[in-house]
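K.L.:
Please see the structure below; I have some questions.
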Amino acid sequence: MSTPTTNPFELPGEWLKCALHTHSTESDGTLAPRHLVQSYAEAGFDVVAITDHWRRTVVPSTDRLITIPSAELGFDLKYPGYPRQSGEFLVYGISDLPDDPGGNRDNWMFNAEENWEARTFASLSAAMQWSEAQGAVSYVAHPYWNELSIDDLLESEGFAGIEVFNGSAEVENGRGDSSTWWDVLLRNGKRTFGIATDDQHYPLFELGLAWTMLHVVERTPEAVIEALRTGQAYFSHGPSIFDIALDGDAVEVTCSPARSVILHMEQECGVSVSVGANGRRMGQILATDDAGLITRVRLEPDQASPKYRRVSVIDKYGKRAWSNPL
């Protein structure tokens, strides 16, 4: 596991809005690669990773937008929940793809009509060994949507994090939020980062449903990969986080207008501050907007030295932004 060296909100540099799970006509998307990249540029994104299924789709970066050679690949599960179930991961910064990744061919599939292909590595750990040899960085895709056994993740090594929120899965069947998997990993000592994505196949419905904000020291593909490797990020499908400051066990958060800000910790621990009817305040509201929504808050947990801490910001529509572990 990678470990961040410091709080990204305290570092010099800039934040880039990133689309880290997208599909083009090279697999089962509906936009040609260059049109896909153009659409994200027009929507205000700074980085696009085209993660076609078992395809390395390359579109050159432009002065406006950075592209990252990426793919969505598969792995066999030790604890499958149904026949032919496999897991998937998103890999960033690859130079090639293996023709035979060594997994169980009973789990390999190809849909000619939708141009969709799945091959598998023998395990997630085996896939991560290949990823590391490429100098790439990988995140496990949509564990809730796939209903992955948490034991498959707990017993594996080498992935930087998981896809905590998948916009396509959320609008498709309400299975987009995998933060429960994330908390179990963190509680068990897995220093795991997160991302949020739209998993775009159909741009009119999915483009821009969620995004990851990466903090980089320079606008280069190498800096983007390093930020993914070290968790220099927050991610969202609505609110913005402008600052997180640590003061001993307390955490101060500055954000876009929010109805609640939560400091998550292990087991039954953690605290929140909320406004409105039955608003609960386990901390202090330091600033609000004209509507009384939180824009700056101090969260003060009772428990010292927790196993992990992470922040969620919830806006008036119920949409969230997540910090990486602090």
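K.L.:
Does Gly270 qualify as being closer than 23 Å to Gly189 by Cα and touching a residue at least 24 places away in the same chain (Cβ under 8 Å)?
P.N.:
Criteria met by Gly270.
K.L.:
Please indicate, with yes or no, whether at least one residue in region 253-266 is on the phi > 0 side of the Ramachandran plot and either outside the structural domain of Ser138 (by TED's automatic domain parsing) or surrounded by 21 or more Cβ atoms within 10 Å (Cβ to Cβ) (or both).
P.N.:
No - not one qualifying residue is present in region 253-266.
K.L.:
Hey, another quick one. I'm checking my understanding of the structure. Among residues of region 34-70 that are more than 30 Å from Pro101 (Cβ to Cβ) and among the acidic types (Asp, Glu), which one is surrounded by the most Cβ atoms within 10 Å (Cβ to Cβ)?
P.N.:
Asp46
K.L.:
Can you work out which of the residues in region 144-163 that are without any contact (Cβ under 8 Å) to a residue 40 or more places away in the chain and buried (at least 19 other Cβ atoms within 10 Å of the Cβ) is farthest from Val184 (Cα to Cα)?
P.N.:
Trp145
K.L.:
Is it the case, given these coordinates, that Ala277 is part of a strand (DSSP E or B), surrounded by fewer than 17 Cβ atoms within 10 Å (Cβ to Cβ) and either among the small types (Gly, Ala, Ser) or out of contact with any strand residue (DSSP E or B) (no Cβ under 8 Å at 6 or more places or on another chain) (or both)?
P.N.:
For Ala277, the condition - part of a strand (DSSP E or B), surrounded by fewer than 17 Cβ atoms within 10 Å (Cβ to Cβ) and either among the small types (Gly, Ala, Ser) or out of contact with any strand residue (DSSP E or B) (no Cβ under 8 Å at 6 or more places or on another chain) (or both) - is not met.
K.L.:
Working carefully through the options Glu222, Glu226, Glu206, find the one that is surrounded by fewer than 17 Cβ atoms within 10 Å (Cβ to Cβ), in the same structural domain as Ala43 (by TED's automatic domain parsing) and either closer than 27 Å to Lys316 by Cβ or not β-branched (Val, Ile, Thr) (or both).
P.N.:
Being surrounded by fewer than 17 Cβ atoms within 10 Å (Cβ to Cβ), in the same structural domain as Ala43 (by TED's automatic domain parsing) and either closer than 27 Å to Lys316 by Cβ or not β-branched (Val, Ile, Thr) (or both) holds for just one of Glu222, Glu226, Glu206, which is Glu222.
K.L.:
Sticking with this structure for a sec: Check whether at least one residue in region 80-92 is basic (Lys, Arg), free of Cβ contacts under 8 Å to residues at least 40 places away in the same chain, more than 24 Å from Pro203 (Cβ to Cβ) and surrounded by fewer than 21 Cβ atoms within 10 Å (Cβ to Cβ), and report yes or no.
P.N.:
yes
K.L.:
Another one. Which condition does Asp28 not pass, out of (1) without any contact (Cβ under 8 Å) to a residue 40 or more places away in the chain; (2) assigned to a loop (DSSP other than H, G, I, E, B); (3) within 30 Å of Ser125 (Cβ to Cβ), if it passes all the others?
P.N.:
Unmet condition: (1).
Conditions tested, residue by residue: (1) touching a Ser or Thr at 6+ places or on another chain (Cβ under 7 Å); (2) of a type outside the set (Phe, Trp, Tyr).
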site: Gly176; (1), (2): no, yes
site: Thr192; (1), (2): no, yes
site: Leu204; (1), (2): no, yes
site: Trp211; (1), (2): yes, no
site: Glu222; (1), (2): no, yes
site: Glu226; (1), (2): no, yes
site: Pro239; (1), (2): yes, yes
site: Phe242; (1), (2): yes, no
site: Ala245; (1), (2): no, yes
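Yes/no per residue for (1) assigned to a strand (DSSP E or B); (2) without any contact (Cβ under 8 Å) to a residue 60 or more places away in the chain:
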site: Phe165; (1), (2): yes, no
site: Glu172; (1), (2): no, yes
site: Arg175; (1), (2): no, yes
site: Lys190; (1), (2): no, no
site: Gly194; (1), (2): yes, no
site: Leu204; (1), (2): no, yes
site: His215; (1), (2): yes, no
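K.L.:
Give me the pairs: first residue in region 122-134 and in a helix (DSSP H, G or I), second residue among the acidic types (Asp, Glu), beta-carbon distance under 6 Å, and six or more apart or on different chains, which are they?
P.N.:
Close Cβ pairs (under 6 Å, with a partner that is among the acidic types (Asp, Glu)) amount to Ser125/Glu157.
The values are calculated or read from the model by the stated rules, or taken from the named source; none is laboratory data. These numbers come from a predicted model, not from an experiment. For neighbour counting, all protein chains shown are included, and Cβ atoms are generated from backbone atoms with ideal geometry for every residue, glycine included.
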